[in-house]
């Protein structure tokens with residue numbers, strides 16, 4: 001029945017001098033997502049239309065829900081601009097959609113101001129004829145109708161639709177700069193990365209791996225999460241900097257008071273992440289921290305941890321309820337990956353009584369027990385490797401045990417290691 005999709009940009013139309021570049025970026029991402037489908041893309045200055053060519057609706061909706069910067073979209077039927085043809089098209093749509101006595105409102109929008117009738121005049125002419133042609137009894141309800149038939153009259157024709165589907169909104173990925181996402185295998189950090197991508201930020205993952213202290217399956221989780229996040233990126237590629245944290249991890253477990261393990265670990269991670277961000281031209285760090293969810297996320301902890309760096313730290317989940325975070329994780333299909341029972345270096349040796357109100361002075365005192373931590377940081381940054389993940393990445397690390405070198409060779413053999421950090 002519907003032969004096109006009408007896509008709306010929303011807030012992008014208000015962006016003044018940046019509007020064209022923002023819209024061009026959205027259009028390019030749309031084209032990228034439909035490259036393998038028989039869909040024609042028609043671009044107008046304030047709209048994009050897809051001609052479906054019988055492509056299933058569920059595939060269209062699935063692909064459009066990956067595109068940041070789209071405000072909403074509707075499956076539409078195009079007709080000629082003559083009122084008789086508009087009436088016939090409307091009756092055809094409603095008789096297929098309305099199966100029992102329900103309420104209806106007809107909304108006419110005259111986008112082409114040269115059209116010989118005003119919107120109220122068009123409504124007055126077409127509404128009675130449409131109501132006569134509907135096969136089941138329908139009542140008019142102008143306030144809370146069960147069905148809203150919208151008729152948009154534009155220069156290229158009339159477009160009729162019943163439903164509007166909300167898109168991701170936000171801005172196209174990449175228009176807001178680049179940042180490094182501290183990516184664990186948990187639920188929160190992938191959601192944080194997704195939300196920042198929605199706001200136009202190009203995100204690279206920064207993952208601290210500690211094999212063999214942590215299981216190789218935790219590394220597999222990162223690859224699988226990366227496959228899902230890649231769907232929202234430019235060219236469907238998601239880069240992850242794999243950071244060999246083992247030596248620093250061991251130094252912390254050996255030398256630091258247990259209650260301060262997490263605090264010192266996170267302070268070291270911020271230092272390392274900032275150094276990598278400098279090399280990768282990343283302008284900020286993104287974390288999945290939410291205030292008060294765990295002991296390491298009290299306001300005192302956040303202050304103590306972030307003080308070791310100068311780079312901005314973005315925390316999109318800071319006020320989120322856990323249930324809301326899980327809902328988004330479900331939406332982006334990372335939840336089932338994140339809840340696999342394999343822990344990363346932030347959780348596998350979690351102390352029984354972590355400090356909830358750490359201080360900078362006390363943290364610096366404990367860090368002095370690791371006399372060479374600056375040299376360790378430099379070594380870790382130098383040895384970090386970058387992998388590029390796509391939705392088609394298939395590698396499985398389950399058979400590689402705990403040998404880090406063997407794992408890296410496997411990743412290299414699968415063409416995932418793309419470049420050194422420096």
Residue count, segment 273-301, condition part of a helix (DSSP H, G or I) and within 21 Å of residue 177 (Cβ to Cβ), comes to 8
Within segment 31-63, residues being touching a residue at least 40 places away in the same chain (Cβ under 8 Å) and in contact with a helix residue (DSSP H, G or I) (Cβ under 8 Å, 6 or more places away or on another chain) number 4
In the set 275, 329, the lone residue that is over 24 Å from residue 380 (Cβ atoms), in the same structural domain as residue 239 (by TED's automatic domain parsing) and crowded, with 19+ Cβ neighbours inside 10 Å is 329
The condition of being surrounded by 15 or more Cβ atoms within 10 Å (Cβ to Cβ), assigned to a loop (DSSP other than H, G, I, E, B) and at pLDDT 70 or above holds, among 397, 376, only for 397
Qualifying residue in segment 18-35 (condition: within 21 Å of residue 232 (Cα to Cα), outside any helix (DSSP H, G or I) and assigned by TED's automatic domain parsing to the domain that holds residue 117):
yes
Turns out the strands (runs of 3 or more DSSP E) fully within segment 67-156 with at least 2 residues that are touching a residue at least 60 places away in the same chain (Cβ under 8 Å) are 72-79, 147-154
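Quick grid of which residues meet (1) at pLDDT below 85; (2) buried (at least 18 other Cβ atoms within 10 Å of the Cβ):
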{"position": "363", "(1), (2)": "no, yes"}
{"position": "372", "(1), (2)": "no, no"}
{"position": "381", "(1), (2)": "no, yes"}
{"position": "386", "(1), (2)": "no, yes"}
{"position": "392", "(1), (2)": "no, no"}
{"position": "406", "(1), (2)": "yes, no"}
Taking segment 14-35 and keeping residues surrounded by 13 or more Cβ atoms within 10 Å (Cβ to Cβ) and at pLDDT 90 or above leaves 25, 26, 27, 28, 29, 30, 31, 32, 33, 34
Checked segment 36-52 for anything assigned to a loop (DSSP other than H, G, I, E, B) and modelled with pLDDT under 90; matches are 44, 45, 46
Of the listed residues (84, 113, 77), the one being touching a helix residue (DSSP H, G or I) at 6+ places or on another chain (Cβ under 7 Å) and in the same structural domain as residue 133 (by TED's automatic domain parsing) is 77
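Yes/no matrix, rows are residues, columns are (1) touching a residue at least 12 places away in the same chain (Cβ under 8 Å); (2) out of contact with any strand residue (DSSP E or B) (no Cβ under 8 Å at 6 or more places or on another chain); (3) surrounded by 23 or more Cβ atoms within 10 Å (Cβ to Cβ):
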| residue | (1), (2), (3) |
| --- | --- |
| 264 | yes, yes, yes |
| 271 | yes, yes, no |
| 281 | yes, no, no |
| 285 | yes, no, yes |
| 289 | yes, yes, yes |
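The values are calculated or read from the model by the stated rules, or taken from the named source; none is laboratory data. Computed from a prediction, not measured in an experiment: that's the story for all the values here. In this analysis, Cβ positions are derived from the backbone assuming ideal geometry, glycine residues included, and neighbour counts consider all displayed protein chains.
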